[in-house]
Amino acid sequence: MKFSPLAAAAAVALAGLSVPAFAAPTVGATVYGPDGSEVGKIEQVAGGNVVIDTGSIKAAIPADTLSDGEKGPTIGWNKAELEAAAGAATAEAGAALDTKLVAGTEVYSSDGIVLGKVNKVEGDLVVIDLKDGATSLPKKQMALQADKVTFLATAADVEAALAAQGGD
């Protein structure tokens, strides 16, 4: 299963729906669409967002887009619409990342420390020039955060992993 964060446009579209506030989303609750059909289950609640697992994808949406429906927590999209929006957002995020993964672009750790610069992309790996040499990092563990290419691990975790591999 893929974790697919919804793009800002999709979140804005959801947030623009006029729905009564939903008090407290709970993990394990079934989420329903506007027609009463099951969309998925709440897998996680954190930072004002809920992660809904549809069985095919996991999508994060703002918690305030949930409302109380007849059967339980309700969103303004049915399952197919949520999955389509999440897929589109994932594709858009991937394309945006690809445009940034060019030689010379700085790569940051998840804690905001510059790890190095992109040397080249080789398939699913990104070769990064570090202060002590080059290393390859998996592209699937990278994302754009605040328009910066970010490797989704702390600088300390990257250092530890490199040390365990003998520095390469």
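The table that follows gives values for the structure above.
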item	result
For ALA24: the one exception among (1) more than 18 Å from the chain's Cα centre (by Cα); (2) touching a residue at least 12 places away in the same chain (Cβ under 8 Å)	(2)
Sole residue being outside the structural domain of LEU144 (by TED's automatic domain parsing), over 30 Å from VAL118 (Cβ atoms), touching a Phe, Trp or Tyr at 6+ places or on another chain (Cβ under 6 Å) and of a type outside the set (Asp, Glu), chosen from LEU66, LEU82	LEU66
Among (1) outside the structural domain of ILE42 (by TED's automatic domain parsing); (2) within 24 Å of ILE57 (Cβ to Cβ); (3) surrounded by 16 or more Cβ atoms within 10 Å (Cβ to Cβ) - the single one ALA89 does not satisfy	(1)
Every residue from segment 24-49 that is closer than 15 Å to LYS79 by Cβ and of a type outside the set (Gly, Ala, Ser)	THR30, VAL31, TYR32, PRO34, ASP35, GLU38, VAL39, LYS41, ILE42, GLU43
Single match in VAL114, VAL118, VAL107 (criterion: surrounded by fewer than 16 Cβ atoms within 10 Å (Cβ to Cβ) and in the same structural domain as THR154 (by TED's automatic domain parsing))	VAL114
Index of the failed condition, ILE75 passing every other in (1) under 20 Å from MET142 (Cβ atoms); (2) in contact with a Phe, Trp or Tyr (Cβ under 9 Å, 6 or more places away or on another chain); (3) among the aliphatic types (A, V, I, L, M)	(1)
Filter result (in contact with a strand residue (DSSP E or B) (Cβ under 8 Å, 6 or more places away or on another chain), assigned to a strand (DSSP E or B) and either of a type in the set (Gly, Ala, Ser) or not assigned by TED's automatic domain parsing to the domain that holds GLY69 (or both)) within segment 27-49	GLY40
Cβ pairs under 7 Å, 6+ apart, first in segment 107-120 and touching a residue at least 40 places away in the same chain (Cβ under 8 Å), second assigned to a loop (DSSP other than H, G, I, E, B)	SER109/ALA153; SER109/THR154; SER110/LEU152; SER110/ALA153; SER110/THR154; ASP111/THR154; LEU115/SER109
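The values are calculated or read from the model by the stated rules, or taken from the named source; none is laboratory data. All values derive from a computational prediction rather than experimental measurement. Positions of Cβ are generated from backbone atoms using ideal geometry, with glycine treated the same way; all protein chains shown enter the neighbour counts.
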